[in-house]
């Protein structure tokens, strides 16, 4: 019998991204639910950035910056839909819509800035 089953010198590293995705979404939801704009924007930034990082780590995208721009576009559409639906509802969605659009704008600026100014850190394996 082996004392350390399943372990070897070449085991894979653990990814930190699922933890941040799991934290970002509830933080954003709490901020949107209670109208706390900084909490909502921060949670959406954490969620969007973590998804972009996870996509880069898994090899689906070559750079996280373009993925972040795509996620910001989707977030902008959701925020715009909240603002569009606000006059048709009895609950005010204005604050939630503006918080979502603000997070989308910040992600867009970071994504474009990262694409333009970030160095290529991809190490040839």
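Computed from the coordinates by the stated procedures, all read-outs in this text should not be read as laboratory data. Since the model is a prediction, treat every value here as computed from it, not as a measurement. All Cβ positions, glycine included, derive from the backbone under ideal geometry; neighbour counts span all protein chains shown.
When the stretch 12-49 is filtered for residues that are farther than 13 Å from residue 103 by Cβ, within 15 Å of the chain's Cα centre (by Cα), outside any loop (DSSP other than H, G, I, E, B) and without any contact (Cβ under 8 Å) to a residue 40 or more places away in the chain, the ones remaining, listed by number, are 18, 19, 20, 21, 22, 23, 26. Within the stretch 78-93, is there a residue that is within 23 Å of residue 17 (Cβ to Cβ), in contact with a helix residue (DSSP H, G or I) (Cβ under 6 Å, 6 or more places away or on another chain) and assigned to a helix (DSSP H, G or I)? Yes, the conditions are met somewhere in the stretch 78-93. The one condition from (1) over 22 Å from residue 17 (Cα atoms); (2) part of a helix (DSSP H, G or I) that residue 109 does not meet is (1). As for the stretch 60-74, it holds at least one residue that is touching a helix residue (DSSP H, G or I) at 6+ places or on another chain (Cβ under 9 Å), surrounded by fewer than 15 Cβ atoms within 10 Å (Cβ to Cβ) and part of a loop (DSSP other than H, G, I, E, B).
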